[in-house]
1. Being surrounded by 19 or more Cβ atoms within 10 Å (Cβ to Cβ), farther than 24 Å from residue 154 by Cβ and without any contact (Cβ under 8 Å) to a residue 60 or more places away in the chain is the filter here; which residues of the range 42-94 pass it?
2. If you scan the range 82-115, which residues turn out to be of a type outside the set (Asp, Glu), assigned to a loop (DSSP other than H, G, I, E, B) and over 17 Å from the mean Cα position of the chain (by Cα)?
3. Would you be able to tell me the number of residues in the range 18-31 that are at pLDDT below 95 and either of a type in the set (Asp, Glu) or in contact with a helix residue (DSSP H, G or I) (Cβ under 7 Å, 6 or more places away or on another chain) (or both)?
4. Considering only the range 116-152, state which residues are small (Gly, Ala, Ser), part of a loop (DSSP other than H, G, I, E, B) and farther than 19 Å from residue 24 by Cβ.
5. Would you call residue 89 at pLDDT below 95, of a type in the set (Val, Ile, Thr) and either closer than 20 Å to residue 41 by Cβ or touching a strand residue (DSSP E or B) at 6+ places or on another chain (Cβ under 8 Å) (or both)?
6. Within the range 133-160, how many residues are touching a Leu at 6+ places or on another chain (Cβ under 7 Å) and among the β-branched types (Val, Ile, Thr)?
7. Considering only the range 99-117, state which residues are surrounded by fewer than 19 Cβ atoms within 10 Å (Cβ to Cβ) and charged (D, E, K, R).
8. Filter the range 13-40 down to residues that are without any contact (Cβ under 8 Å) to a residue 40 or more places away in the chain and under 17 Å from the mean Cα position of the chain (by Cα) and give me whichever is farthest from residue 131 (Cα to Cα).
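The values are calculated or read from the model by the stated rules, or taken from the named source; none is laboratory data. Keep in mind it's a predicted model, so treat the numbers as computed, not measured. So basically every Cβ, Gly included, is an ideal-geometry build from the backbone, and we count neighbours across all protein chains shown.
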Amino acid sequence: MRRPTVGAVSPRYQLVPAAYVVLRREPNEILLQLRQNTGFRDGFWATAAAGHVEKGESVLEAAVREAREELGVEIAPADLRPVTAMHRTEATGDPIDERVDFFFTCHRWAGTPRLVESAKAADLAWFPLDALPDPVVPHERAVFEALRGDGPAAITTHGF
């Protein structure tokens, strides 16, 4: 059996990081968008601001950028509260299928959230955590449901 060189990384394994910002308001509501024309879970409700971390960008910078790009709001990095890091897969077997999602909540922002990317989202609405719409992106639903209680564990997995 051939062993890889120490420190070598398999070219088949790629990890895609993403930042999720769950805007919250009282009484225990979260802001969700209805996905459309994205190629992933279109027709599902999802975190209103989320997206891939770009090259050279920290996960905090990505979260702030996504909130600005998707909702037109400004968030200070200090106002982001880490919720969980989720290692997940859709189990497709594709090399790029491995994901790590960093979920944050935020109670304070500047501006009024609005649907900025209408080509990618059909609607934007507030929902109580105990009355989520259907369907919700499954791995995100797991986080939202955990937020009703003590919250999810610091590290979670989905799809394995």
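1. 70, 71, 73, listed by residue number.
2. Once the filter is applied, which keeps residues that are of a type outside the set (Asp, Glu), assigned to a loop (DSSP other than H, G, I, E, B) and over 17 Å from the mean Cα position of the chain (by Cα), the range 82-115 yields 91, 92, 93, 108, 109, 111, 112, 114.
3. Qualifying residue count, the range 18-31: 1.
4. Hits for the range 116-152 are 118, 119.
5. The answer is yes for residue 89.
6. Summing the residues that are touching a Leu at 6+ places or on another chain (Cβ under 7 Å) and among the β-branched types (Val, Ile, Thr) in the range 133-160 gives 0.
7. 108, 114, 117
8. 39
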